[in-house]
Amino acid sequence: MNVASKKQQLRETIWKEMERSRIAVFPLPCRGRIPNFKGAEIAAERLRQLEDWKKAKVVFVNPDSPQRKVRENALREEKTLIMASPRLRKGFILINPAHVKEKEHFASTMKGAFKHGVEVNNFPKPNLIVQGSVAVDTHGHRLGKGHGYGDVEIKTLKRRFGVVPVATTVHDIQVVEAVPFEEKDEKVSVIVTPTRVIRVSSCSEMKKICKWYVACPMKRFYEEGKLERKWIEEYCMGDYIHCVRYKLEEAGTPHPDNMLPNGEIMKSLK
Ligand code: SF4
């Protein structure tokens, strides 16, 4: 199974489980959405306690239901709110908190954002990005609903403004052991649930990738679904210095494509 199929499989599992356990709330069914969940407001409250949030004067928040309270909190605390319109069809919307006094709740809904916000191309640098997720893991890998807009939004902001911390609010059930990922996927730096705050450790976030990764057959085998993720985590994005392939590459010694990072030959890899 390739990475895209594994991602979809994980989405389906999360959507199904959130509905089965009645964690998912309106809008239902949650399949195909960034799922809204019981406790989303508590997670938004936890996010409010973080220094990154307190210091932020401008925040960028996705337009989905589970982050509605996050948007309302931003406006109530007089932060400038930047939202992406759904599927970026209308680009970005800026809501000035001074213009929505006493109407923060309505202004934090999609309808209210279009009524009180202005469509903009240029806007100030957000000090914090908040994205919704279908699933995340503690390495910061994030899974959206599958259209790639979340990644496009984060990439656009990083291209314009440089590094900006990225938070996500999710239910605990959405924090999974491992989210399948591709190199192009954007990561989050902090995960906030109704019960905890998980900081993606800077060593995990800044972890260096092996310099041979782009051309390494292990990358291709992983992306084609032929190689387990643990090899990539353990070596290519971890302890690559001890990879047998790495040592052979560095020495200029030829070695077969189906040699695993620990030096074993896996005949089924083609
Ligand atoms: S398998 Fe080894 S050489 Fe290839 S990318 Fe991973 S760590 Fe580097």
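Derivation of every value follows stated rules applied to the coordinates shown; laboratory data play no part. Owing to the predicted nature of the structure, the values given are computational and were not obtained by experimental measurement. Using ideal geometry, Cβ is built from the backbone for each residue, glycine included, and neighbour counts are taken over all protein chains shown.
In square nanometres and to one decimal, what's the mean projected area of the convex hull around the Cα atoms of the chain?
Mean projected area for the chain: 15.1 nm², to one decimal.
Suppose a student asked you for the relative contact order of segment 3-205, using Cα pairs under 8 Å spaced at least 6 residues apart; what percent would you report?
Averaging sequence separation for qualifying contacts and normalising by length gives 23 percent for segment 3-205.
Let me know the charge dipole size of the chain about its Cα centre in debye, to the nearest 20, where only the beta-carbon of Lys, Arg (+1) and Asp, Glu (-1) is charged.
800 debye
At 0.36 nm per residue, and after removing the present C-alpha to C-alpha distance, how many nm does the segment from Val152 to Ala98 gain when stretched out fully?
Gain in length upon complete extension: 16.5 nm.
Write down Rg/Rh for segment 208-270, rounded to two decimals, with Rg from the C-alpha atoms and Rh from the Kirkwood relation over Cα pairs.
Rg/Rh: 0.91.
Have a look at Leu94, Leu50, Leu248 and tell me which one the Gaussian network model of the chain (Cα, springs below 10 Å) gives the largest fluctuation.
Leu248
Please report the relative contact order for segment 119-230, taking Cα pairs under 8 Å with a sequence separation of at least 6, and give it as a percent rounded to a whole number.
Averaging sequence separation for qualifying contacts and normalising by length gives 27 percent for segment 119-230.
Using helices alone, I'd like the mean residue ellipticity at 222 nm for the chain: each DSSP H run of four-plus residues gives -39500 (n - 2.57), total over residue count, nearest 500.
Rounded to the nearest 500, it is -8500 deg cm²/dmol.
Please list, or write none, the lysines whose alpha carbon is within less than 20 Å of the alpha carbon of Lys208, excluding same-chain residues fewer than 8 places away.
Filter leaves Lys155, Lys158, Lys184, Lys187, Lys219, Lys230, Lys247.
Multiplying the sequence separation of Arg160 and Gln9 by 0.36 nm and subtracting their Cα-Cα distance, what value in nm do you get?
51.0 nm
Taking 0.36 nm per intervening residue step and subtracting the Cα-Cα distance, what contour gain separates Asp239 from Lys125 on full extension?
Difference between extended and current length: 37.5 nm.
How big is D, in µm² s⁻¹, for segment 106-204 by Stokes-Einstein at 4 °C and 1.567 mPa s if Rh is the Kirkwood radius over C-alpha pairs?
Result for D is 89 µm²/s.
Using the Cα centre of segment 3-205 as origin and beta-carbon charges of +1 (Lys, Arg) and -1 (Asp, Glu), tell me which of Val61, Thr13, Gly144 is placed farthest towards the positive end of the dipole.
Positive-end residue among those listed: Val61.
With charges set only on the Cβ (+1 for Lys and Arg, -1 for Asp and Glu), what does the dipole of segment 208-270 come to about its Cα centre, in debye to the nearest 20?
120 debye
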